[in-house]
Amino acid sequence: MIEVKPGIVRVLTPTFGKVEITLKPIDVEVIKVGDGYSVVPTLKITATAERKVKHGPLCNPNLPYIPVEISDSEMGHIKIRVENDEILVYIEAMRVLIAEEASGPDGDPCVLVAWRYGIRVCPRS
C-alpha cells in the first residue's frame, strides 16, 4: 500500500452522544482480470463515543441494531501499486446501525456499518 486514509463517519445518539466511527483499510486483495483488476478491500471498523456506557450486554450480532442518521462523513481511500499501475480504492459509509442497549468492554457502542467501495486505475506510466 502506498497511501491509506481512513474513512470517518460521525453520528449522534441519545445514549452515547457524539460517536466517531473509523473505517480503516487493513488489506486489499487484487486480481488481474484481462486488462483490468478485481479489488476487494478489508476494513477494521472502530467506534469512539463521547460518553462511555458500561451496562447491559457486550456487543454481539444477535442484538437489536437501529439505524442512526449520519451527521458527517469523510470518504477514505487506499492507494496501491500493481505492476506499473496505481489503483485508488475509495471507501464510503452508506448506513450506520447502533445497538443502544449494549457496548464493548471499553464502553464504546456496538456498531454495524454498511459501506461501499469503488476503484480508479491511474494512467499507466
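Some notes on this structure:
- Neighbourhood charge, 12 Å Cβ-Cβ cut-off, centred on GLU3 and excluding it, Lys, Arg +1 and Asp, Glu -1: +2
- Largest first, the extents of the alpha carbon coordinates of segment 1-40 on the three principal axes equal 50, 18, 12 Å.
- Segment 30-70 versus segment 80-125: alpha-carbon centroid distance in Å: 8
- Proportion of all alpha-carbon pairs of segment 10-68 beyond 14 Å (%): 71
- Between GLU74 and GLU101, the FRET efficiency estimated from the beta carbon spacing at R0 = 30 angstrom works out to 0.55.
- Unpaired by the 4.7 Å Cβ criterion, cysteines found in the chain: CYS122
- Top of ILE31, ILE70, ILE80 by mean-square fluctuation, Gaussian network on the chain, Cα under 10 Å: ILE31
- Largest mean-square fluctuation among PRO25, PRO64, PRO109, in a Gaussian network model of the chain whose springs join Cα atoms under 10 Å apart, belongs to PRO64.
- With Cα atoms as the point set, segment 3-121 shows a radius of gyration and Dmax of 16.5, 53 Å.
- For segment 81-125, the normalised intensity computed at q = 0.18, 0.19, 0.20, 0.24 Å⁻¹ comes to -0.65, -0.68, -0.70, -0.83 (log10 of I(q)/I(0), Debye sum over alpha carbons, equal scatterers, no solvent).
All of the numbers you see were taken from the coordinates with simple rules; none came from a lab. Remember, it's a predicted structure, so these values are computed and weren't measured experimentally. Here the Cβ is made from the backbone with ideal geometry for all residues, glycine too, and neighbour counts use every protein chain on show.
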